[in-house]
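Scroll down for the structure; my scribbles are underneath it.
The values are calculated or read from the model by the stated rules, or taken from the named source; none is laboratory data. Fair warning: this is a prediction, and the values are worked out from it, not measured in the lab. Virtual Cβ from ideal backbone geometry, glycine too; neighbours counted across all protein chains shown. These accessible areas exclude ligands, DNA and RNA; they are computed on the full protein's heavy atoms, side chains included. Shrake-Rupley method; radii C 1.70, N 1.55, O 1.52, S 1.80 Å.
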Amino acid sequence: LRARDERKKESKEALRAVIKASRKTTLYLRHLREGEGKSLEKEEELSLLWTELSFRVKDLKLGKLAERCHLMGQYWAAPTLLDPTFLNRALERLKEVEELASTSLEQITG
């Protein structure tokens, strides 16, 4: 029972971290859309954040979400040109990731 409670706590923390990462990435994309320049430092931070989250979520056996986090980490390590079409697709993907994390979080918390 104690192990189950600990796993539940870890799961909630990881899923909440995914939602925060999604919001952080959305804010960075907003800065780009509003004409602010790219930041290699911010992209490095996002890449490492999403990669770390992919490991945490994979350890929780949430494969679909782990894969999406992994892809986000990969993308920010070597982004393509940030055109308006890409920015819109990225925002859609972030919404999907956040929805998946929120749904999983709801299932855990009841």
I need a count of the residues in region 74-87 that are modelled with pLDDT of 65 or more, open to solvent by 70 Å² or more (accessible area, probe 1.4 Å) and part of a helix (DSSP H, G or I). 3
Name the one entry in Ser22, Ser11 that is closer than 21 Å to Glu99 by Cα, open to solvent by less than 50 Å² (accessible area, probe 1.4 Å), in contact with an Asp or Glu (Cβ under 6 Å, 6 or more places away or on another chain) and hydroxyl-bearing (Ser, Thr, Tyr). Ser22
Region 32-71, residues that are open to solvent by less than 70 Å² (accessible area, probe 1.4 Å) and in a loop (DSSP other than H, G, I, E, B): Gly35, Gly37, Ser39, Leu60, Leu62
Between Leu27, Leu94, Leu46, which is among the aliphatic types (A, V, I, L, M) and in contact (Cβ under 8 Å) with a residue 60 or more places away in the chain? Leu94
